[in-house]
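Scroll down for the structure; my scribbles are underneath it.
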Amino acid sequence: MPSDFLQRVLFEDVNARAVLVRLDQVLDEIFAETTYPPAVQILLAESLLVVAMLSAGIKFDGRISLQLQSSGSLSLLMADCSEDGGLRGIAQVDEQAELPDSPQLLFASLAGEANLVLILEPSGGGQRWQGIVPLEGEGLNEAIEAYFQRSEQLPTRVKLSVGAGHASGLMIQQMPGQSDDPDGWNRLEHLMATVHVDELLEPDMERLLEKLFHQETRRVFPARELRFDCPCTRERVLGVLQGLGADELQDMASQQEVVEVRCQFCNRAYQFDQFDLNAIIQSGDEGGPTVH
Ligand SMILES: [Zn+2]
């Protein structure tokens, strides 16, 4: 079993599914060069668990992204995952601000004020889809449950647990359509309610699934590896630079021989010299692919 993985379980009679996610090295890589306050780290780890879980359900090549957008000191928290398990995430925190120490209080300070945004973005340039709801509940798990109840009427239960250096999450969700087992969902919900968050952090996750669902008819899919991955490219960074407009680019070009742009997610550096910058400015002047 890889250190970071996603495992799907299908309850065909109940017309429901479970998704279990475990993150370990991915968290090390994402947090390696960051100085996020502990509560922000926990909320970001929870967001990474959620997008990894939701990636199990996407049926196209692309990414699913979860964002918490706020006007407060934690202005943006973002996690995304590709259909093949490539995860990344960032938080934008006002360094002067004093954020609550506990993740519960941090969440409470955001609930009612921040928005929860889910974005599906096909990589082949297909239609982008976005859903926005006010952030509500006592934690991110409840916010996701409410989101699915409200937007897709899909009963969903989520448990998230973040420990020292690793994190795990379990989700059960009813799928659209009829069930052959009318009491099945109640049973799954009841089983889910018995899971203590500490249990989720135990190393043997297969045993937990077995213990929980041994009386249910189920199909367990092979575990799929999750990893840190940032899809940034020089072209995308170029697009962002173009979006700044000719004036700002001219300013940058006059101040620095070489402009270096670092990806916020993976810290990779992209360099643009005077020749590059002039080319970008000219492509904007000619009505090129400027992004506003
Ligand atoms: Zn990157």
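The values are calculated or read from the model by the stated rules, or taken from the named source; none is laboratory data. Keep in mind that this is a model prediction, so the values were computed, not measured. Cβ coordinates were reconstructed from backbone atoms using ideal geometry, including for glycine residues, and neighbour counts include every protein chain displayed.
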Check: Taking region 212-245 only, how many residues are of a type outside the set (Ser, Thr, Tyr) and either on the phi > 0 side of the Ramachandran plot or within 16 Å of the ligand (Cβ to nearest atom) (or both)?
Finding: 15
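Taking the stated definitions as given, is Ala108 in a helix (DSSP H, G or I), among the aliphatic types (A, V, I, L, M) and over 18 Å from Leu48 (Cα atoms)?
Details: in a helix (DSSP H, G or I): yes; among the aliphatic types (A, V, I, L, M): yes; over 18 Å from Leu48 (Cα atoms): yes.
Spelling it out, Ala108 is indeed in a helix (DSSP H, G or I), among the aliphatic types (A, V, I, L, M) and over 18 Å from Leu48 (Cα atoms).
When the residues of region 211-247 are filtered to those that are more than 24 Å from Asp84 (Cα to Cα) and exposed (fewer than 12 other Cβ atoms within 10 Å of the Cβ), which remaining residue is modelled with the lowest pLDDT?
Top of the filtered list is Asp247.
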Margin query: Taking the condition of being near the ligand (Cβ under 9 Å from one of its atoms) and either touching a His at 6+ places or on another chain (Cβ under 6 Å) or in contact (Cβ under 8 Å) with a residue 40 or more places away in the chain (or both), how many residues in region 263-281 meet it?
Written below: 4
Check: Among Ser168, Ser151, which is of a type outside the set (A, V, I, L, M), without any contact (Cβ under 8 Å) to a residue 24 or more places away in the chain and either more than 16 Å from the ligand (Cβ to nearest atom) or loosely packed, with under 13 Cβ neighbours inside 10 Å (or both)?
Finding: Ser151
Checklist line | Criterion (of a type in the set (A, V, I, L, M), at pLDDT 95 or above and not in a helix (DSSP H, G or I)) met by exactly one of Leu54, Leu66 | finding: Leu66
Notebook entry, point to check: Just a yes or no: is a residue in region 246-262 within 14 Å of the ligand (Cβ to nearest atom) and under 25 Å from Val51 (Cα atoms)?
Noted result: yes
Note to self: Checking Gly62 against (1) among the small types (Gly, Ala, Ser); (2) in contact (Cβ under 8 Å) with a residue 60 or more places away in the chain; (3) within 29 Å of Pro203 (Cβ to Cβ): exactly one of these is not met. Which one?
What the structure shows: (3)
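Yes or no, residue by residue, for (1) crowded, with 16+ Cβ neighbours inside 10 Å; (2) of a type in the set (D, E, K, R); (3) within 15 Å of the chain's Cα centre (by Cα):
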{"residue": "Ala18", "(1), (2), (3)": "yes, no, no"}
{"residue": "Val26", "(1), (2), (3)": "yes, no, yes"}
{"residue": "Gln41", "(1), (2), (3)": "yes, no, yes"}
{"residue": "Val51", "(1), (2), (3)": "yes, no, yes"}
{"residue": "Ala56", "(1), (2), (3)": "yes, no, yes"}
{"residue": "Asp61", "(1), (2), (3)": "no, yes, no"}
{"residue": "Leu68", "(1), (2), (3)": "yes, no, yes"}
{"residue": "Arg88", "(1), (2), (3)": "yes, yes, yes"}
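Quick one: is Leu43 more than 15 Å from Cys230 (Cβ to Cβ), outside any helix (DSSP H, G or I) and touching a helix residue (DSSP H, G or I) at 6+ places or on another chain (Cβ under 8 Å)?
Spelling it out, it is not the case that Leu43 is more than 15 Å from Cys230 (Cβ to Cβ), outside any helix (DSSP H, G or I) and touching a helix residue (DSSP H, G or I) at 6+ places or on another chain (Cβ under 8 Å).
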Note to self: For region 267-284, give me each residue that is within 30 Å of Glu29 (Cα to Cα) and either buried (at least 17 other Cβ atoms within 10 Å of the Cβ) or touching a Pro at 6+ places or on another chain (Cβ under 7 Å) (or both).
What the structure shows: Tyr270, Phe272
Next item on the list: Scan region 90-107 and give yes if some residue there is under 20 Å from Leu200 (Cα atoms) and crowded, with 17+ Cβ neighbours inside 10 Å, otherwise no.
Entry: yes
